[in-house]
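Right, one structure below, let's go through it.
Derivation of every value follows stated rules applied to the coordinates shown; laboratory data play no part. Predicted model only: the values in this text are computed from it and were never measured. Counting neighbours? That spans all protein chains shown, and the Cβs are built from the backbone with ideal geometry, glycine included.
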Amino acid sequence: MNKPFYKKWWFILIITFIVIGAIGTTMIGDDQKTSEKELKKKNDVIVIDMKAANDTNIPLEERIAKIAADLFGTTTTDGRDRDIRVESMGNTYYLKLMIDNSITKKKKLNDAQQNTVKLLKILKDVEDMGNIHINWQDHFKDDYGNPTTGSAMTTVIKKTDMDKIDLANFPASDLKKIASYYYST
């Protein structure tokens, strides 16, 4: 007498391997997705939509503000509003935004320089980009102890200079050497 197909041991063994294989593939896929997300966070890989960045139907001021928001977020690391503002005069664009808080003044300056170079890497590929004046703002106290907002680091990079820089290999600490204007507190 023949046993029904579901009672044969080899059939059950094959089905078990198929189910375990499917579960394992799903788990590996989820782990890979998590690992990719963690890797992107660790390496600060942020993808900027360059088609939108070069869309001349949108004013360049808005595109620069969007790029800065995509790169650095709309809030600082301590939860303050980044307050990204872009204005223009001729072919010079003035970007003003709040700096991230850091443990030391030196680290804050280093972070501002690194972030400026990240921004320049993107702006270099914006076709109608002009000169850029980047002003990293911070909260200070005036001589009377009152809170005030002021410039922590300012740099002006001309478009002609930006085109010359190999930003892939450019040390952020050299920013003051190539800037038309550089100031830090």
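Numerical summary
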quantity: Leading residue by the ranking (farthest from the chain's Cα centre (by Cα)) among those in region 79-100 that are charged (D, E, K, R) and not in a loop (DSSP other than H, G, I, E, B); calculated: GLU87
quantity: Where THR75 falls short, out of the listed (1) over 17 Å from THR155 (Cα atoms); (2) more than 17 Å from the chain's Cα centre (by Cα); (3) of a type in the set (Ser, Thr, Tyr); calculated: (2)
quantity: Qualifying residue in region 86-103 (condition: of a type in the set (Phe, Trp, Tyr), out of contact with any strand residue (DSSP E or B) (no Cβ under 6 Å at 6 or more places or on another chain), closer than 23 Å to MET50 by Cβ and in contact (Cβ under 8 Å) with a residue 40 or more places away in the chain); calculated: no
quantity: Residue selected from region 52-78 under the condition in a loop (DSSP other than H, G, I, E, B) and of a type in the set (Val, Ile, Thr), by the criterion nearest to MET98 (Cα to Cα); calculated: THR76
quantity: Matching residues, region 68-95, being hydroxyl-bearing (Ser, Thr, Tyr) and closer than 14 Å to ILE134 by Cβ; calculated: SER88, THR92, TYR93, TYR94
